[in-house]
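The values are calculated or read from the model by the stated rules, or taken from the named source; none is laboratory data. Everything numeric here is computed off the predicted structure, so don't read it as measured data. Cβ placement follows ideal geometry from the backbone for every residue including glycine, while neighbour counts extend to all protein chains displayed.
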Amino acid sequence: MRLPSLFRTERSPGSVVPPSGFTARLLVLTAAAMAFLAVFSLALALAAGRMAERWSQALSQTATVRIMAHQGEEAAATRAVLAILETTPGIAAARALTLKEQRALLEPWLGPGLAVESLPLPQLVEVTEAASGFDAEGLRLRLAAEVPGAVLDDHTRWRRPLAAAAGRLRAFGLLAVALITVALAALVTLAAQSALAANAQVIEVLRLVGARDVTIARAFTRRFTLRTLAGAGAGTALGMLGVWMVRTRAGEEVVLTGLGFEGAQWALALLIPPMAGVVAFWATRTAALASLRRIT
């Protein structure tokens, strides 16, 4: 059974490629660094996609009615709003927030121990949408007519910018992965051309004894591809470990807890070394054949 040409050893052409040295170490380190960055870029892109979906879903399921009424009329206005909401199609539930709940909402902004009772705050009514949704514009018109101090906020102005920002962040993450791939291909090409130029005299001797250019190019392709695979594998392992540490060591209040992979998404990171190997294979093969044509 014959092994694929990538893994077969050929003593004569294989000796053309330096087995170690500065170029070899630099290629391995470069592949490791690129794979490490690719893991974090991919994790960022996937996390941004999850955040966009989570924020859009959470904000689309709830709405808020703010009630500003004259002193002594708050209770009556709240009852009127709740009655309107109960008869509005597409609303699953509605309830008025207590002072304790409103204090909890303001604490992150104004600090603890806030005397909510002394502030002219509007009464908030939390609205939960049904699966079918409700007619927001129609509800606004009805509230304006029956309870002039009531204003509906369906979170559209919050939802759209958040979802758009998360979508742009995901696009930037994927763009970073693409740029890393291009940079890796360029560096592998330069390394292959440098090795071929340094061994020009040896290549001429091999041609004199009957070695074909495709055989010489195969030796370079095999050696550089395996080096890139080794470096990318190490970089991917370190990147996945780093992402795992970010998720496990960050507190629940930290934004970075959303950074990382979930479930089957971890398998996507394992595709980075094979992708780096494919990029190195085609970049080295193309560069080797082109350089050999120039060496006469």
Can you tell which of Arg66, Arg142 is out of contact with any strand residue (DSSP E or B) (no Cβ under 6 Å at 6 or more places or on another chain), modelled with pLDDT of 85 or more and either surrounded by 12 or more Cβ atoms within 10 Å (Cβ to Cβ) or of a type in the set (S, T, N, Q) (or both)?
Arg142
When residues of the stretch 173-216 are filtered for being within 44 Å of the chain's Cα centre (by Cα), part of a helix (DSSP H, G or I) and not small (Gly, Ala, Ser), how many remain?
18
Within the stretch 120-139, how many residues turn out to be in a loop (DSSP other than H, G, I, E, B) and either loosely packed, with under 12 Cβ neighbours inside 10 Å or acidic (Asp, Glu) (or both)?
4
Select from the stretch 164-192 the residues that are surrounded by 19 or more Cβ atoms within 10 Å (Cβ to Cβ) and under 30 Å from Val65 (Cα atoms) and list them in ascending order.
Ala166
Restricted to the stretch 194-211 and to residues being in contact with a Ser or Thr (Cβ under 7 Å, 6 or more places away or on another chain) and over 21 Å from Thr23 (Cα atoms), the residue surrounded by the fewest Cβ atoms within 10 Å (Cβ to Cβ) is Ala211
